[in-house]
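Data first, discussion second: the structure below is written as structure tokens.
The values are calculated or read from the model by the stated rules, or taken from the named source; none is laboratory data. Keep in mind it's a predicted model, so treat the numbers as computed, not measured. Note that we place each Cβ from the backbone using ideal geometry, even for glycine, and neighbour counts take in every protein chain shown.
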Amino acid sequence: MTKFSDLALDPRVLQAISEAGYETPTPIQAQAIPHALAGRDVLGIAQTGTGKTASFTLPMITLLGQGRARARMPRSLVLAPTRELAAQVAENFDVYAKHTKLTKALLIGGVSFGEQDKLIDRGVDVLIATPGRLLDHFERGKLLLTGVQIMVVDEADRMLDMGFIPDIERIFSLTPFTRQTFFYSATMAPEIERITNTFLSAAVKIEVARQATTSTTIEQKLFQFTPTRKDKSFTEKRAVLRSLIRAEGEACTNAIIFCNRKMDVDVVAKSLKAHGFNAAPIHGDLEQSLRMKTLDAFRDGNLQLLVASDVAARGLDIPAVSHVFNFDLPSHPEDYVHRIGRTGRAGRQGKAFSIATPADGKYLSQIEALVKLEIPRGEVPEGALADVADRPDRPRLAESRGPRTRGPRGADRRERPVKPHDEMAPMEPIAAEPVVVAAEAEEAPAPRRDERRDDRRRDDRREGGRRDERSEAPRREDRREERKDDRGEERRREERRDRGSRDHDRGERVVGMGDHVPDFILRSFALKPAPDTAPDTDEAPETTEEASAE
């Protein structure tokens, strides 16, 4: 049996491995490390939990033992799809390189650029980053990749599935062609392998287990149930999850619960805490500091249940996870392999339970076709839905609004519940108003302002002059407004008279021009009258009021 001491690793690395408690390498480590130390490109395919991170970290530390980093020019680069996986690689580097003088920098989102810039400016031997943050530093002129000797793409299929293909291609174009490249992943689809042929040169393909296989140390079970009603499926699934956790008892020391949607992660975690469980959520929308704090609490044993999205399905090394619960079956069958791979790691025994409804039949068939195994079925614990059935349901919104009916023009309408006649509030009588016939209204001239004022005075006298002091103020205001209107109307009449006299002096007005046109434009466009039709200028022009009087 091969031991780490049989591999040509740096003695300082071997000392760190021994202090970590490891003696025998895993199959992927035993096969990949010799080729990596020989300077060849490696394409590693192995199921999750087999030690892929150490298979490229150990030879990288050995190869970088000689040499010195320069400012802003890292000597090696490790790309990871998520912040958590990048942080985990950094932790492995700290463990295995603690007896060396190699430096590292972690470039992930959620951390200020200032601290990361200081590390890069001093020069680092190992740069661990997510693609987005790495390109951000490069575009800001803080980073050069021309000195990269070793480049690693961890969880390569996940990187490409998440849409990082353009970013990865650009990063590869920024690194030297003579670099050494490692590709590691748990699954490798044919189209992904075709893309890797562009990035790798004469790579050694190491496949220690059949693609998309699950570990034999994991006990898998599928719990199927039919919801009593479609809209209660989510509620009843939470009840089934709680019953499965309670049925495991003390055997469930800690567990990761996977959901497909981020909003479901929050709801499930809140529901578990409401029922007395020690649970917390983790997903991509949370702040990085909170995500790291939650993961640290789970690793330290202060948190029992970690409700997560697929951000925690890839690469996270938490060795002592006893259970994995798939609250939702993943839509991509490869994610099932990664999810249940969080348990049963490093030779330990683990359990992976999945909850499914009839609507998940398509996903279940794809998963079983991928792993080439029929997942054993389990029975839902008795009384799992008792607490849900005993709790009164809140009326649904559609029921509270009444049954749906079809209105005119195909519009959806709802019949609102009508109270009985005796429960209705009495209606106040409405004063009858005189109805004005439309024809008569058109013929009747509009009353003048003086007539309206006289009408109001007559109404006041008819009411007996009963007006309080509060009504006097509006009346005084109305009179002031009327006086202003009278003065304004008089000014407008005078302006029209003056304008008419000016227009007569200028000649005919140009059609289409308004009163706002400047005088010089009117003069320039004025038409000269013919000699025989010239107006008699001796006669005074008629004003508008005189014409109207005639």
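Observations, loosely collected:
- Residue ranges of strands (runs of 3 or more DSSP E) in the range 206-291 with at least 2 members assigned by TED's automatic domain parsing to the domain that holds P358 and either charged (D, E, K, R) or under 27 Å from K362 (Cβ atoms) (or both): 218-224, 255-258
- Criterion applied to T178, T196, T100 was being in contact (Cβ under 8 Å) with a residue 60 or more places away in the chain and either touching a His at 6+ places or on another chain (Cβ under 6 Å) or part of a loop (DSSP other than H, G, I, E, B) (or both), and the one residue passing it is T100.
- Each residue in the range 57-66 was checked for being at pLDDT 90 or above and either closer than 10 Å to I28 by Cβ or not in a helix (DSSP H, G or I) (or both), and 1 pass.
- If only residues of the range 91-118 that are more than 26 Å from G51 (Cα to Cα) and of a type outside the set (D, E, K, R) are counted, the one that is surrounded by the most Cβ atoms within 10 Å (Cβ to Cβ) is Q116.
- Residues of the range 114-136 that are assigned to a helix (DSSP H, G or I) and not charged (D, E, K, R): G114, Q116, L119, I120, P131, G132, L134, L135.
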